[in-house]
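Enquirer: I'd like to ask you about the structure that follows.
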Amino acid sequence: MQLLLGIFYFFYFSIIGVYIIFLPKVLAMSGYSASEIGIIFAAGPMVRFLLPFAFIRGLQLNNRSFNTALVITVLSSLAFFFSIESFYKLLASNIALGIGMSLVLPYIEVISLSSIGKERYGKIRLFGSVGFVLVALVLVKFLSSATVALSFLMGLSFLTAVIAFMIVKNAHKTEDKKEEITNDINLLADWKLWLGLTLMQVSFGSFYNFFTIYEIDYGVSLDMTIYLWTFGVLVEIVMLFYQGKLLRGNLLLILQITTFVTALRWFLVFAFPQNLPMLFFAQSLHALSFALFHSAAISYLYHLYKHKALAQQFFSGVTYGLGGFSGALLAGYIYEYYPKYLFLSSAFIALLACGFLYLFSRDLKKSL
């Protein structure tokens with residue numbers, strides 16, 4: 001099972017690498033305007049945000065819906081070939097891909113946590129980071145046309161679907177029983193927790209969408225900026241490998257620490273945009289602000305709620321979906337009108353995330 005999970009993460013996050021690194025360039029090569037590309041890529045996070053609410057309204061999250069999501073993922077990736085020249089067809093294909101992939105990952109995350117445990121999760125999840133880096137290094141050498149990138153997208157989607165199907169087939173036959181559990185997730189009752197987790201992703205909007213542009217505008221070369229990105233992924237892999245012992249501790253405290261460290265990270269990028277040693281130090285904090293935060297968050301939600309699969313769906317949808325969408329939109333406006341303060345605003349948002357997580361932990365102690 002561990003081998004299958006490692007292969008799944010490798011292929012799944014290779015798809016993410018193709019999607020976020022190369023697909024925008026493919027669309028630009030195909031004649032799409034910046035606004036059209038923005039609309040297409042905004043659709044994914046919104047789908048991820050809206051999808052979990054469908055399960056509250058009665059849609060069942062089980063093996064059948066999971067297998068349907070695998071088929072949707074493969075067919076939608078194939079549809080990119082036939083819709084690349086039509087904005088609305090491409091938008092529909094992208095929405096379908098978002099639906100498929102948004103269902104697949106949370107379902108596998110539950111199997112990972114239940115079968116290998118939170119201590120060993122990072123050592124398996126790191127294969128996703130390796131896949132992300134490798135596909136970037138390989139595809140950049142071969143990206144001569146849109147067909148090449150779309151072929152990678154389709155091939156990786158098919159391999160991901162095959163491995164995911166094998167994982168679910170070989171997993172313990174307990175998923176159906178788990179899905180019969182009454183939904184115990186109340187976003188309003190636990191609003192401080194969910195707001196804190198979401199604000200953390202909002203703070204990443206500046207980094208994911210504008211870090212390269214920001215550094216180049218301050219005179220840092222493109223090559224050096226790529227080195228900064230690569231270094232961040234490398235420290236992420238190291239943390240995923242060694243984080244097991246940390247996850248045995250107080251997960252809520254880890255979330256508070258990692259959000260505070262993230263605020264410090266963004267402040268350093270704001271204060272020292274041209275200082276390479278400081279920028280590399282800030283990137284080293286990616287080990288905490290992404291790798292450790294992500295593992296602690298999914299582990300905490302896994303133990304907090306009985307409806308574990310839906311909890312992972314909401315984590316993916318609310319935080320990465322709504323948070324990612326809002327973060328990208330907010331960062332765009334800030335960078336257009338107040339570019340100097342882009343990462344200062346991110347630091348403030350991350351600090352707010354830390355504050356809400358602290359308030360949630362304090363309320364939790366009072367209720368015990």
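The numbers here are math on the coordinates, done by the rules we state, and not lab data. As the structure is a prediction and not an experimental result, all values here were calculated from the model. Don't worry about glycine lacking a Cβ; one is built from the backbone with ideal geometry, like all the others, and counts go over all protein chains shown.
Enquirer: What distance in nm lies between label points placed 7 Å from Cα along the C-beta direction at L276 and N67?
Expert: Reported label-point gap for L276 and N67 is 5.5 nm.
Enquirer: Okay, which of segment 95-111 sit inside 20 Å, backbone N to the point 7 Å along the Cα-Cβ direction of Q2?
Expert: Inside the label zone: 108-111.
Enquirer: Taking the mean number of other Cβ atoms within 10 Å as a proxy for protection, how do you rank 357-364, 261-268 from highest to lowest?
Expert: Details: 357-364: 16.8, 261-268: 21.4.
Sorting 357-364, 261-268 by mean packing, highest first, produces 261-268, 357-364.
Enquirer: Need one number: nm distance between label points at D217 and S114, each 7 Å from Cα along Cα→Cβ, rounded to one decimal.
Expert: Reported label-point gap for D217 and S114 is 4.7 nm.
Enquirer: Based on the Cβ-Cβ distance of K25 and K366, what FRET efficiency does E = 1/(1 + (r/R0)^6) give at R0 = 41 Å, to the nearest 0.05? If you can, show how the numbers build up before the last one.
Expert: Details: r = 51 Å, r/R0 = 1.25.
For R0 = 41 Å, the calculated efficiency reads 0.20.
Enquirer: Grab the DSSP H runs of the chain that are 4 residues or longer, score each as -39,500 (n - 2.57), total them, divide by all residues and round the 222 nm result to the nearest 500 deg cm²/dmol.
Expert: Numbers: 16 runs with 289 residues, N = 368.
The helix-only estimate for the chain comes to -26500 deg cm²/dmol at 222 nm.
Enquirer: Once the piece of chain linking V238 and V138 is laid out straight, how much longer is it, given 0.36 nm per residue of separation minus the C-alpha distance between them? It would help to have the intermediate numbers written out before the result.
Expert: Details: separation 100, 0.36 × 100 = 36.00 nm, distance 2.18 nm.
Using 0.36 nm per residue and subtracting the Cα-Cα distance, I get 33.8 nm.
Enquirer: Work out, step by step, the length gained on full extension between V148 and V162: first 0.36 nm times the residue separation, then minus their alpha carbon distance; give nm to one decimal.
Expert: Once the chain is fully extended between V148 and V162, it gains 2.9 nm.
Enquirer: Which value, in debye to the nearest 20, gives the size of the charge dipole of the chain about its Cα centre, when Lys and Arg are +1 and Asp and Glu are -1 at the Cβ?
Expert: Numbers: 24 positive and 16 negative charges, 193 e Å.
For this selection, approximately 920 debye.
Enquirer: Here is a follow-up. Assuming R0 = 22 Å, can you tell me the calculated FRET efficiency for the pair L264 and Y341, based on Cβ-Cβ distance, to the nearest 0.05?
Expert: Numbers: r = 17 Å, r/R0 = 0.75.
Efficiency computed from Cβ-Cβ geometry: 0.85.
Enquirer: Shifting gears a bit: Can you order the peptides 272-278, 120-126 by their average number of other Cβ atoms within 10 Å per residue, highest first? Show your work: numbers first, answer last.
Expert: Working: 272-278: 13.3, 120-126: 21.3.
The densest-packed peptide leads the list: 120-126, 272-278.
Enquirer: Let me see the pair-distance distribution of the chain: every alpha carbon pair, 10 Å bin width, integer percents in order.
Expert: 5, 24, 36, 27, 8, 1, 0
Enquirer: Under a plain spin-label model, where a point goes 7 Å from the Cα along Cα-to-Cβ, how far apart in nm are L78 and A54?
Expert: 2.0
Enquirer: Just list whichever of K308/K366; K306/K365; K141/K340; K123/K192; K245/K366; K118/K306 have alpha carbons separated by over 22 Å in the model shown. Don't skip to the end; give the middle numbers.
Expert: Numbers: K308/K366 25 Å; K306/K365 20 Å; K141/K340 34 Å; K123/K192 30 Å; K245/K366 28 Å; K118/K306 16 Å.
The pairs that break the limit, which is 22 Å between Cα atoms, are K308/K366; K141/K340; K123/K192; K245/K366.
Enquirer: Let me ask you something else. Compute the convex hull volume of the Cα atoms of segment 248-368, divide it by the residue count, and report the result per residue in Å³ as a whole number. Let's see the in-between values first.
Expert: Values: hull volume 12.8 nm³, N = 121.
So the per-residue Cα hull volume is 106 Å³.
Enquirer: Pulled fully out, how much extra length does the chain show between N186 and E36, if you take 0.36 nm times their separation in residues and subtract their Cα-Cα distance?
Expert: On the way: separation 150, 0.36 × 150 = 54.00 nm, distance 3.58 nm.
Full extension from N186 to E36 adds 50.4 nm.
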